[in-house]
1. Please compute the alpha carbon radius of gyration of the range 233-379, then divide it by the globular-protein estimate 2.2 N^0.38 Å. Two decimals is fine.
2. So if I average 1/r over every pair of distinct C-alpha atoms in the chain and take the inverse, what Kirkwood radius in Å does that give?
3. Report the charge-dipole magnitude of the range 224-297 in Debye, nearest 20, computed about the Cα centre from +1 at each Lys and Arg Cβ and -1 at each Asp and Glu Cβ.
4. With a ≥ b ≥ c the root eigenvalues of the C-alpha gyration tensor of the range 224-297, is it rounded (a/c under 1.5), prolate (a/b larger than b/c) or oblate?
5. How would Val109, Val153, Val134 line up from fewest to most surrounding beta-carbon atoms within 10 angstrom?
6. Could you name the aspartates and glutamates in cross-link range of Lys373, using Cα to Cα under 18 Å and dropping any fewer than eight places away on the same chain?
7. From the phi of every residue in the range 226-237, what ³J(HN,Hα) in whole Hz does the Karplus formula 6.51 cos²θ - 1.76 cosθ + 1.60 yield, where θ is phi - 60° and glycine or proline is x?
8. Please give the charge dipole size of the chain, origin at the Cα centre, charges +1 on K and R Cβ atoms and -1 on D and E Cβ atoms. Round to the nearest 20 debye.
Amino acid sequence: MLTEEELNLLADIFADRFGNVNARILLDMAETLKDTEDLIPAYSKKLQQMYTFGYDVDLITQQLARESGKSIEEIEKLYEAVAQEGYDWAKPFYEAKEIKQIPLAENKVLQNIIQSAAAVTKESLRNISNTTTVGIRTEKGFEPLGSFYKKTVDQAIASVATGTEDYKKVIRQAVKDMGSSGLRVKYESGYTKRLDSAIRQNILDGVSYIAQETARATGKEFGSDGVEISAHSPCAPDHIPYQGNQYSNEEFEKLQSELKRPIGEWNCRHIAYAILLGISSPANSKSELKEMKRYSNEKITIDGNEYTRYECTQLQRKIETNLRYAREEKLLYQAIEDKDLVRGATEKIRLLSNKYVEVSEKAGLPTKVERTKIVSTKIKEKTGMKPK
């Protein structure tokens, strides 16, 4: 079955793709805005031409749609592979109950699960191709990308009357907004999320749903009377006491009703696998689970503060994300040749890089590059996808 690290890496594959699209689009916009700086006040009429000959917002839709279409095809295959793995894992239970396990392609219940999950993810990706739901977060709030660009041009044109320096300030502020925000997706609730983060969450939720629903459906077919909760390390403290344990269906239902954060919900990546009590041997021994608990809860001191190793994994991932964003910012600032902003971004990258090394080394955690090397082969074997 997919481990937590494998699941995270799968989500990263798609997030990185859209992160590249994000960087490409914003860099194109920054370069287009920079090109207009040569239009001094005497040529202010030419600024009007930016509406016609400037950055083509339709290109954004095309780039997002192209990446979405490519991803949709792979997501369908990914979901099928995840369901197949779960189905294969349950084979011994079908045999123990002398029940014929039909091929996955013929199992209507599981095919419906795959198709429903794929449909939800597809819809999310299609919505991302809509530039009215993708935009930039400024100090005044969310602005759809097309109107953000046009408002920047409006302000630039108006500022020409007061001098070139004011015009440069408008461009500088717009690019700073782009750098600090990144492309964001706006939801009906008004909440916004970075494009790559939204994609990552969609994949995590989709794969987790497929794995859990496959376990439930197969359990129903072979007459499961219990579940075993998957185990990983480091693990969040609220789920450490329960991971790796086996429960009857009634016990598990009671546990779920009592937990503030139920297993498999609210960003939990544990899976409750359907089993036959007394037949299924636990995947992890008691000593292994005890070591997982010790490892997860071990205290590490960083900058005078104590963190558990689990907290260090969260800190490490946060720094990885901030590093990626800082590098994107630097590219944008280089595009408009703003030395001060480039210098600031460079220093930010240096500090984050040093902190990343410190956290990784003190907590004994593999870096993202190391994690990718460790699990990429298994990912390819299980899903056919190859991480870069």
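1. 1.40
2. 23.6
3. 360
4. Oblate is the answer for the range 224-297, as a/c is 1.5 or above yet b/c matches or exceeds a/b.
5. Ordered by Cβ neighbours within 10 Å, fewest first: Val109, Val153, Val134.
6. Those aspartates and glutamates meeting the cut-off are Glu4, Glu5, Glu6, Asp12, Asp16, Glu320, Glu361, Glu381.
7. Going residue by residue, I get x, 9, 10, 7, 4, 9, 8, 9, x, 10, 4, x Hz, with x marking Gly and Pro.
8. The calculation lands at about 680 debye.
Values in this text are rule-based calculations from the coordinates and carry no lab data. All values derive from a computational prediction rather than experimental measurement. Quick reminder, even Gly has a Cβ in these numbers, built from the backbone with ideal geometry, and neighbours come from all protein chains shown.
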